[in-house]
Structure formats: structure tokens, C-alpha cells
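Every number in this text was worked out from the coordinates using simple rules, so none of it is lab data. As the structure is a computational prediction, the values presented were derived from the model and not from experiment. Here the Cβ positions follow ideal geometry from the backbone for every residue, glycine too, while neighbour counts run over all protein chains shown.
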Amino acid sequence: MSAEFPSQAWVEALVRVLNSDARYGEIARSWEGDLLFVIKPESDRAAETLFTHVYLDLWHGKCRSARYFPPGEGGLPKPAFALTAGFAHFAAVLGGSLDPMQAMLTRRLQVSGNMAYILRNVPVVLDFVRCCRLAAGAA
Amino acid sequence: MNRYLVSHHVKRIYASQDDLVNDWRGLRQRTHAGARWVRSWYAAGSERLYCEWEALSPEVIYACFLPIELEMAPIEKVEEVVAIDPAWLDEAGGTGAAADGGALSLRRTPDRST
């Protein structure tokens, strides 16, 4: 089930996890909000300036749809939430070396959208991260 | 310095990440040697924020907050507490947790009434 982040294979693995994981389904049963990962290129690969995106339509404990946008691909949706960070910080959160709350409060992970909704639903966020780790084979 | 557990009811949260982070940074900058914000736990389910402080008094803690912060997350309770680290029990020796797989043995105090 493990797949490299970010990639089409990782997105497909994540959708499988989100839609089959009973714990996530229960914790996120009231969650309403689609999400866009905005992944900035690594600083040591400055020549690559194109952003990679991952879109996830999360609704009541399920992922209704998802899409991987390779670097530079347009036609991005306008989601309720966007999480923006460099690849290294996303990788650190997914790898477990960076706490998601710490990432948000230090702005290493920039949040667009209603921060109050995210904090009110912190258990959903944390379990979503757990599922992301499962998809990446890190959990 | 005393240690306190401060319980807040989080009634309102900033909608923007920048506003939230800037506000919390402001609170941290308002702390000082007489009132140190040590750590916090947020319980989303009950909308409570539990904060550990080291301070000279509860009043000194209150003084670190702006009125709007106390309006958004009013303080419900300030309790003086003592910290207990379970790891201390590993150092206690005798028939402690390490020796019996986790069960804590308590030595019966002699009955002084007889």
C-alpha cells in the first residue's frame, strides 16, 4: 500500500485508506471540507519552480474524489482549505518527525481556510495525517 | 514560583492562521520571569484549553492576557498543582514498577493506634 509522496499512486493509496479505515470514518464523520495540498519545490532544487498539488474532497469520513496535479498543471479547484509547505515539511509531517500542530503554529505549514474549523476538528486532522502516513507506508 | 493549571473555555478562535499565531505569539511575549507559560493541551471535544504555568500568583498569570483573549477563551479555573513524573517511580527502587512488570506495590503503613 505504500507509495511515494506526492504521486498519483500515493493519492490512490490515500483514497483507499480513507475510504476503508473505520477509525477515520468515525472520527471524521462530521467533517465537511475539501482540501488542496500545495507542495513547493525543494529549495536545493531552485530551478524547479513549479508547484505540485493534491486535491482531496473530504466529506463525512470519506474521500469523495481526489486528484494529483503534477508540477505546473493548471485547472486547480478552489477548496475550503489549502495547506501550503515545502516538500521537506510535508515529508516531515508524513514521516512523523514534525508534529502537525507544531507545523501549523510555526507556519511551516500554511493554512488557507477557516483555522477555527481546523482547531475545532483537531482529532480529524490528526487522524487524517495518520491515514496519510499509512498511504506513504510510514505508519 | 508556583505551578498552576489554567483551564480556559475556548469560545471563539481566530479564523485566520496568521491572526491565531500572532495572538499566541503576543501572549508568549507578554510572559516574563514571574509568569512562565510552560505547556498547553487543547481538548477539541470539550472546547477546553489546559495550560501549565509557573508563576508567582494567579494574578500575575491573568495580567499576561489581553481583554479580548479572556473574552475569546475565558479562564474558568486556576488551580495550584504539583507535577508528578511517572518516571520517578522507576528510580524508587525496591518492589516498584520495573520489578513486577508495571504493578505498583505500596508498603502498608504500620497501624499506630495499637
Sorted on mean Cβ neighbours within 10 Å (highest first), peptides B:11-22, A:69-80, A:111-122 come out as A:111-122, B:11-22, A:69-80
Listed by chain and number, the residues whose amide H is under 5 Å from that of residue A:137, excluding neighbours fewer than 5 places away on the same chain and using placed H, are A:3
Taking amide hydrogens as modeled 1.01 Å from N in the peptide plane, which residues meet the under 5 Å criterion relative to residue B:13, leaving out close sequence neighbours? none
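Could you work out [θ]222 nm for chain A from helices alone, using -39500 (n - 2.57) per DSSP H run of at least four and dividing by all its residues? Round to the nearest 500 deg cm²/dmol. Kindly include the intermediate steps, with their values, before the conclusion.
Values: 6 runs with 55 residues, N = 139.
The helix contribution divided over chain A gives -11000 deg cm²/dmol.
Relative contact order of the stretch A:1-125: what whole-number percent is it, with Cα pairs under 8 angstrom and at least 6 residues apart?
For the stretch A:1-125, the relative contact order is 24 percent.
Evaluate peptide B:5-18: per residue, the Cβ atoms of other protein chains within 10 Å of its Cβ; return the mean as an integer. Spell out each step's value before the answer.
On the way: counts 0, 0, 0, 0, 0, 3, 0, 1, 7, 4, 6, 6, 12, 4.
Mean shielding by partner chains, rounded to a whole number: 3.
Return the average number of partner chain Cβ atoms within 10 angstrom of each residue Cβ along peptide A:110-120.
For this peptide, the per-residue mean of nearby foreign Cβ atoms is 5.
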With θ set to phi - 60° and the Karplus curve 6.51 cos²θ - 1.76 cosθ + 1.60, what are the ³J(HN,Hα) couplings of the stretch B:76-84 in order, to the nearest whole Hz, using x for Gly and Pro? 8, 7, 10, 10, 7, 10, 10, 8, 10
Each residue of the stretch B:18-24 in order: what ³J(HN,Hα) in whole Hz does its phi give by Karplus 6.51 cos²θ - 1.76 cosθ + 1.60, θ = phi - 60°, with x for Gly and Pro? 4, 4, 5, 5, 5, 5, 5
Provide the packing ranking of B:30-37, A:10-17, i.e. peptides ordered by the mean count of other C-beta atoms within 10 Å per residue, highest first. A:10-17, B:30-37
